Structure formats: structure tokens, C-alpha cells
Amino acid sequence: MNGLQTLVDYFVNYPFVRYAFAVGLLIALCASLLGVTLVLKRFSFIGDGLSHVAFGAMAVAAVTGLTNRMAIVLPVTLLSAVLLLRTGKNTKIKGDAAVAMISVGALAIGYMLMNLFPTSANISGDVCSTLFGSTSILTLQKSDVAVCVVMAAIVLTVFVLFYHQIFAVTFDESFCSAIGVRANVYNLVIAVITAIIIVLAMNLVGSLLISALIIFPALSAMRVFKSFLSVIICSSVISVVCAAVGIVLSILFSTPVGSTIVTADIVVFLGFWITSVIIGRTRV
Amino acid sequence: MAQITCIDATLGYEDGVVTEGLSFTVETGDCLCILGENGSGKSTLVKALLGLKPVLRGKIERDPALTGIGYLPQQTVVQRDFPASVREIVRSGCLARMGLRPFYSAEDKALADRTMEQLGIASLAGHCYRDLSGGQQQRVLLARALCATRSMLLLDEPVTGLDPKAQIDLYELIAKLNRDGITIIMVTHDVNAAVRYASHILHIGGGKQRFFGTVDAYKESSIGKAFLAEGGA
């Protein structure tokens, strides 16, 4: 009970703990919503690739000394997302190769820039916190929280409004085009939301672990549930619960926030996997 | 009356012509089978008919009264393991009528229910798509196409991967829909099924149109005779 008492004290006395919870849970919710679509469209690695792009952009922002890093990270990531999702057809370089190329390229250039133009004495510390998430989630200002809430609200609104279209485009693009639903437009919507989520999630878990936040809840839910809606709902519940548990544990045991959340996601995934084996997936 | 008129159309990509000289018409209530070997341009023709791909030369005219074409695409890998209920998939056929309304109307839902009833999959409505047999999955996709439109169905290799019994069941179902007045265009390389169920045959190969006409004329033509002998009829 001592731990719980400490936690309640933190929560009541320190606004940054409340901010961390608010931001963490919102990011987890948004990431899980799109995760189902990305996993089903075989785009799991796009999250990973984009996060590396965001890392590169972050390095550029740090080097140029911009105070508002979002101003450069978000547009660059958005652009890459659009480019990557367009590479599905009619391009010389196929999807997975394009993702690998852009992501490793951005990673290399970002790291080089950070070394060439160091902004602080502790370069490896800077790099590590960008890659694996930092304690920055516990040092959020009120304005950061506001930005995050607005972005999350945009993601959630777009997702709810275009839920059926996103479902249909995920399931069958050619049918959608044939009946006059503009599949390209909705693919673009998916790309844009993905980019926003990745930029948001960088604050929480760092760029290397973002994919985990996106794919684990979706994969867990898909083990057990049998309709798209139930998979989406289950996936967001898993994601939010894991984020909450992860943040609590990381505060209590001073572990890194990002990896604690992802570990919670992995544990849940194993649980769902075992459940699916036990109940058996084939009925009808 | 003609729902689709194709006049000396040439199909292909930027780097080459796939097939040329396509001239045929599809009348209301027809069942047109498109035959041809792999790579003869069948799928390119499908895309052109759907309006997803422009013709290089010539033209394909669609009757303005033809509101849309219900399309049954070939199954993709993604779909076989897709966690969605049959009801969700069938309803998505109504999507084009939704506009910016973020939910399905009561009529759309009722239409989806009636269509599932008609195709004998009402009892599967709550089941997961990936748990169904191949034949059941095709019925679900057929129901979705019928929710989109009831004037014309375009089926791309509908029986691929089905066992013989399921193939016959699906062909019979398609024939029944055709008798109910729905125009059918079916791409297949099963020549025996084509002459059994179609009213007209379009045969493409070698980069051009080899035959267009009624089934009876096809059976009498030299290409039809050769192809039927090959198909083991």
C-alpha cells in the first residue's frame, strides 16, 4: 500500500505527473486506433520507418536551434508518410525497400548531424533519449499538454468520422475504387494520421519503440476478437491500460517510461496469444 | 439496351500495349464471359471497365443510367486473415451512398440484411470472415457487391481456389442472380463453365480480340472449338 500512497501523493502534489498521465494515455489511445489498420494493410514497418524520419528531423531541429521542434518534425514526417504510402504501386522501388531506405537514411543523417554540431556536452545522452524516449514525458509544460490534446482530438475526430471508410479501404481498396469511394484520399488520411501519431508518440516512448506502441495492442486484440469494431475497441483498451500501468511502474521503480509501457504491451500480447490458443480460433 | 459499349479500344500501360481492337457491347440482362490466357489483358480490361484505368485509344462508353458496377475482386492475402464480421463487410458495400454521413442509414442496414438472406449467409452475419470457407467468403463479397448496385456485377475469377462442389454452387448462384435481371460480366479461364452459363463470350489473346458473340456462335467458331477441345469438354 505504501507504493500506492506514494503514487497518490505524486498525483495530487505534482502537476507534471498529471500531465504525464494525460499525454501518455491520449497517445496510447491514438496509436492503437491506427495500429489495426496498419497491421492489416501490412504496413507495420511504416511506423518504424517514419519514426526514424522523425528522429532525423528532430536532429535537424536541434542543430538549427529551433525552439519549436514540432514546426520541422511534423511537416517532414507528414511528407514522408505520404510518400511511403504512395509507393504501393507504380514505382520503381517497392514498398518495403522504400521504407528501409528512408528510415535508415534518416537515422544515419540525424546521428551524424548531432555529432557534427553538438548542442550539448552529452551527445550520447541526447541520442539515447531521442531513440528510447526520455524522462521528458515527466517534464512536460502546460503548452506541450495543450498541443498533444489538440492533436489527439484531431486524430480521434477524423478516425470516428471516417471509421467506415477506413475499414473499407483497409479491407479492399479495389472494391472501394470500383464503387466510387476515393480510396486514394482515405489512404492519404491514414498516412497523415499515422504521421501525427508518430510525432506525438516520440515524446512518450522514443522513436525506436513507437512501432511497439502501434502494433502490439492491435496484434493482441486480433488474436481473440472477431469483428473489426471489437478489435479496435479492445486494442484501444489494451493500449490505454498498458500505458497507465507502464507510467505508474516507471514512477514507482524509476524505470524508463517507454520501455516499461512496451513491456506491459508484450505481457498482454503473450496473455492474449495463450488465450487464443486455449479457446481455439476456428469455429463455424 | 446497351449498358457498356466498347469501341475499338486499346488497353495497356505507358510502356506497351496489352491488347487492342476490343469492340463489344453488354446489354441489360446479359451474362458475358471474358476468356483468355494469363497475361492476355483480362485484368487490365476489368480495370478499364470499372473506370479505374483510361483506355489508350478508342473508347468505353457507360450508359449514364448505370449507377455503378458491383465488383467482386480476386481475393488478396490481406483478406484471408481479416478480423471482421460478415455483417461489417456486407454493409461496406453501401459506402458509396454514405457521402459524409459517418454512419449507415436504416435502409442501408436493411438492404445488407436482405442481401445476406438472399445469398443464404444470414446465419453467418456475426461470424468472423477469416473463419469461413472459401465458398462462403465469396458469397460474402458477392453480397457486398450487390449492396453497392443491382444493375451490374463484374466478377474477376470468382471460383479460383474453391473445391469443385463450391465452384458449382457459386456458378449456380451467379446464374440465378442473372435470371433475376442482374447483368453479369465474368472473367474466367474455365471455358466449360463459360459456355454453360454465359449468354455471350469475349475471347482475348495474342494482344487482340479473338472473338465476340453469342455462346452458340462461339461453339461453332474455330477458336471456340479449339479452346473447348483443349478445355476437355
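Every read-out reported here was derived from the displayed coordinates using simple, explicitly stated rules and does not represent laboratory data. Just so it is clear, the structure is predicted and the values come from calculations on it, not from any experiment. Glycine also receives a Cβ, built like all others from the backbone with ideal geometry; neighbour counts cover every protein chain displayed.
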Subset tally (residues that are more than 13 Å from B:Arg91 (Cβ to Cβ) and away from chain A (no Cβ under 12 Å)) for the stretch B:107-134:
6
Considering only residues of the stretch B:79-106 that are within 22 Å of A:Gly280 (Cβ to Cβ) and among the aliphatic types (A, V, I, L, M), which is nearest to the other protein chains (Cβ to nearest Cβ)?
B:Ala84
Which condition does A:Phe175 not pass, out of (1) aromatic (Phe, Trp, Tyr); (2) without any contact (Cβ under 8 Å) to a residue 24 or more places away in the chain; (3) surrounded by fewer than 24 Cβ atoms within 10 Å (Cβ to Cβ), if it passes all the others?
(3)
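Within the stretch B:135-146, restricting attention to residues that are within 9 Å of another protein chain (Cβ to nearest Cβ) and within 28 Å of B:Asp63 (Cα to Cα), which residue is farthest from the chain's Cα centre (by Cα)?
Of the residues in the stretch B:135-146, the ones within 9 Å of another protein chain (Cβ to nearest Cβ) are B:136, B:141, B:144-145.
Next cut, within 28 Å of B:Asp63 (Cα to Cα) only: B:141, B:144-145.
Numbers: B:Leu141: 11, B:Arg144: 13, B:Ala145: 9 Å.
Once the filter is applied, the top-ranked residue is B:Arg144.
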Could you grab me the full set of residues in the stretch B:1-39 that are assigned to a strand (DSSP E or B) and closer than 21 Å to B:Arg179 by Cα?
B:Ala2, B:Gln3, B:Ile4, B:Thr25, B:Val26, B:Glu27, B:Cys31, B:Leu32, B:Cys33, B:Ile34
The stretch B:147-163, residues that are under 11 Å from the mean Cα position of the chain (by Cα) and within 8 Å of another protein chain (Cβ to nearest Cβ):
B:Leu154
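For a quick check of your reading: which helices (runs of 4 or more DSSP H) sit entirely within the stretch A:148-238 and have at least 2 residues that are away from every other protein chain (no Cβ under 14 Å) and of a type in the set (A, V, I, L, M, F, W, C)? Lay out the reasoning, then the answer.
Working: elements: A:163-171, A:173-178, A:183-205, A:210-224.
Counting at least 2 such residues, we get A:183-205, A:210-224.
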Hey, can you tell me all the residues within the stretch B:52-68 that are under 20 Å from B:Gly12 (Cβ atoms), crowded, with 16+ Cβ neighbours inside 10 Å and within 14 Å of another protein chain (Cβ to nearest Cβ)?
B:Lys53
Please enumerate the residues belonging to the stretch A:1-43 that are surrounded by fewer than 17 Cβ atoms within 10 Å (Cβ to Cβ) and closer than 28 Å to A:Arg223 by Cβ.
A:Arg42
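Sort out which residues of the stretch A:59-83 are touching a residue at least 24 places away in the same chain (Cβ under 8 Å) and surrounded by fewer than 24 Cβ atoms within 10 Å (Cβ to Cβ), and write them in order of number. So that I can check it myself, show each step before the final result.
Applying the first criterion (touching a residue at least 24 places away in the same chain (Cβ under 8 Å)) to the stretch A:59-83 yields A:59-60, A:62-63, A:65, A:70, A:73-74, A:77-78, A:80-82.
Within the stretch A:59-83, A:Val60, A:Ala62, A:Val63, A:Gly65, A:Met70, A:Leu74, A:Leu78, A:Val82 qualify.
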Could you tell me whether the stretch B:70-78 includes any residue that is assigned to a loop (DSSP other than H, G, I, E, B), under 15 Å from the mean Cα position of the chain (by Cα) and either away from chain A (no Cβ under 14 Å) or over 23 Å from B:Arg196 (Cα atoms) (or both)?
yes
